[in-house]
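Here's the structure we're looking at; comments come further down.
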Amino acid sequence: MGNRLSKIYTRTGDDGTTGLGDGSRVAKDSARVNAYGTVDELNSALGMLLAHEVPDAVRECLTQVQHDLFDLGGELCIPGMAVVFDADVERLENTLDGFNADLPPLKDFILPGGGIAAGTCHLARTICRRAERDVVTLARHDTVRPEATRYLNRLSDLLFVIARVLARASGHGEVLWQHERRKKPQA
């Protein structure tokens with residue numbers, strides 16, 4: 001289970017470095033720290049989403065995702081560690097298919113919104129996309145297992161579908177982009 005922290009501040013990061021899980025020290029703005037930091041930010045956004053009223057199936061799904069993201073953050077923090085696997089990606093795909101089955105096909109682009117829970121889910125989706133970009137950036141400089149990127153890619157798709165589910169469940173409905181709202185300039 002690891003060590004329990006009895007003292008929260010150590011002062012070891014005052015020089016602009018931080019310790020990785022393997023004991024090495026890197027700059028706080030390194031690609032690795034950015035990647036696992038954004039995964040942590042995503043996990044926090046999901047915590048905000050779960051503070052709202054959501055259907056039980058969504059709550060169960062996202063609680064599992066929070067655990068996965070904590071694991072993924074650990075994997076990114078400890079070079080060479082493997083915690084997220086293809087089975088986790090497949091679970092996301094199956095869950096996504098289940099939530100998507102009852103939704104009507106998309107005919108228009110959807111704007112973020114549709115109630116507080118759906119809007120929060122859209123925010124989490126955009127953070128997830130940034131986490132994916134940060135992991136791709138890290139992979140250019142260091143070894144990153146492809147399962148990490150695949151997990152985040154599938155998770156952003158799942159969050160989009162869950163946002164649709166939440167918008168409909170709230171009674172607000174989805175906010176459709178009105179592409180015809182712009183009038184052509186008069187000549």
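The values are calculated or read from the model by the stated rules, or taken from the named source; none is laboratory data. Nothing here was measured: the structure is a model prediction, and the numbers come from that model. Don't worry about glycine lacking a Cβ; one is built from the backbone with ideal geometry, like all the others, and counts go over all protein chains shown. These accessible areas exclude ligands, DNA and RNA; they are computed on the full protein's heavy atoms, side chains included. Shrake-Rupley method; radii C 1.70, N 1.55, O 1.52, S 1.80 Å.
Remarks
- Each Lys and Arg adds +1 at its Cβ and each Asp and Glu adds -1 at its Cβ; summed about the Cα centre, the range 85-187 shows a dipole of about 680 debye.
- Here the gap between Asn94 and Glu60, fully extended at 0.36 nm per residue and compared with their Cα-Cα distance, gives a gain of 10.8 nm.
- Among the protein heavy atoms of the chain, carbon and sulfur supply 53% of the accessible surface, probe 1.4 Å, non-protein parts ignored.
- Summing charges over neighbours of Ile162, with a neighbour being any other residue whose Cβ is under 15 Å away from its Cβ, gives -2 when K and R count +1 and D and E count -1.
- Taking Leu42, Leu159, Leu103 in turn, the Gaussian network model of the chain (Cα-Cα springs below 10 Å) assigns the largest fluctuation to Leu103.
- Protein heavy-atom accessible surface, 1.4 Å probe, per residue over the chain: 61 Å².
- Amide H contacts of Leu176: Leu111, each under 5 Å away and 5 or more positions distant or on a separate chain (H built 1.01 Å from N in the peptide plane; Pro and chain starts excluded).
- A helix-only calculation puts the chain at -20000 deg cm²/dmol for mean residue ellipticity at 222 nm, using -39500 (n - 2.57) for each DSSP H run of at least four residues, averaged over all residues.
- Label assignment, Cα extents along the principal axes in Å derived from the structure, set (1) 47, 32, 32; (2) 53, 38, 31; (3) 59, 49, 31: (3)
- Based on Cα contacts under 8 Å between residues 6+ apart, the range 48-133 shows a relative contact order of 31 percent.
- Paramagnetic reach from Glu180 in the range 80-118 [backbone N under 19 Å; point 7 Å along Cα→Cβ]: 106-111
- When only the Cβ of Lys, Arg, Asp and Glu is charged (+1, +1, -1, -1), the dipole of the chain relative to its Cα centre reaches about 800 debye.
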